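FYI, it's all coordinate maths here, none of it is from the lab. What you see is a predicted model, and the numbers here were worked out from it, not measured in a lab. Positions of Cβ are backbone-derived with ideal geometry, glycine not excepted, and every protein chain shown enters the neighbour counts.
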Amino acid sequence: MTRLLLCFALLFSFSTAHAAGSYTLEFEYHPSHLHNPDTADNASDVSHAITRHYDGFRDPSDTVDTVLFIDGLKRVVQTKKDQTVAGTSMMVASGRVIFDYVGRVVEQHYPDIELKGNDRVFNSFADPVTPTRYTYDVLDRQTQIQIPDRSITQMYYGFGSDRHGLLQFETRVVDAERKEKRTYKA
C-alpha cells in the first residue's frame, strides 16, 4: 500500500506501509525557493530532504532520520543522521564542505554531533580541526590530498612503459610513507 501527498508544493511524502500499520520509509522535500520567511518554524533556508526510517528495534514510536542539505547546484553540502551516542539520541552532521570556483571539493571538515531538534537547520560553521584539503591540476585531476595530521598523498600523471614495455598513460600515487603505486591505461 502506498500513498503520495502534495501540499502547496512544499512537502512531498511517499510512504510504504509496514506490517504494524506504520510506514517503513517516508520522504519529505523542502526546496528553499519555496520557503516562506513569515513562518514561525525553525526550517532551514537551505534546500533539504528528510528520510524517516521505521525503527522497530530501538523505539517503534521514533524514527531514524536522515537529512540532506543541497545548494543551488544540487551538490550535497551537509548530511545529518539520527544516531544513538552514549545512549542518547543525537544527530551526527557531516563536516563542512568547501568548493572552489569550478565546483570541486577543496576542503572537507570533520563531522559534529548535536542534540535532536535542530535537524532541519543547516550548520554553517566549520569544525576548528584542520580539514582534509584537495588540490587539482588544470585537467581537473586530483594532484594532492592533505589529511588533518598534515600527511600528504600525491598523484602524478604522465606517460610510462608498462611491464610489457608498451608506452601507456601512467598514474603514480605516492602516499605519506613514500610508498608508490603505478597504474597504466591504454
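Modelled spin-label separation between F57 and Y156, with each label point placed 7 Å from Cα along the Cα-to-Cβ direction: 4.7 nm.
Here the mean projected area of the convex hull built on the C-alpha positions of the stretch 134-185 is 3.9 nm². Spin-label model, T24/K74: points 7 Å from Cα along the beta carbon direction are separated by 2.7 nm. Rg over Rh for the stretch 43-99 works out to 1.04, both radii taken from alpha-carbon positions and Rh defined as the Kirkwood radius.
Each peptide in 139-150, 66-77 receives the mean, over its residues, of other Cβ atoms within 10 Å, and ordering these scores from highest gives 66-77, 139-150. Computed from label points 7 Å out along Cα-Cβ, the spacing between Q83 and Q144 is 3.0 nm.
Compared with the direct C-alpha span, the chain from V174 to Y110 gains 20.6 nm at full extension, assuming 0.36 nm per residue. Relative contact order of the stretch 134-185: 24 percent, from C-alpha pairs under 8 Å at least 6 residues apart in sequence.
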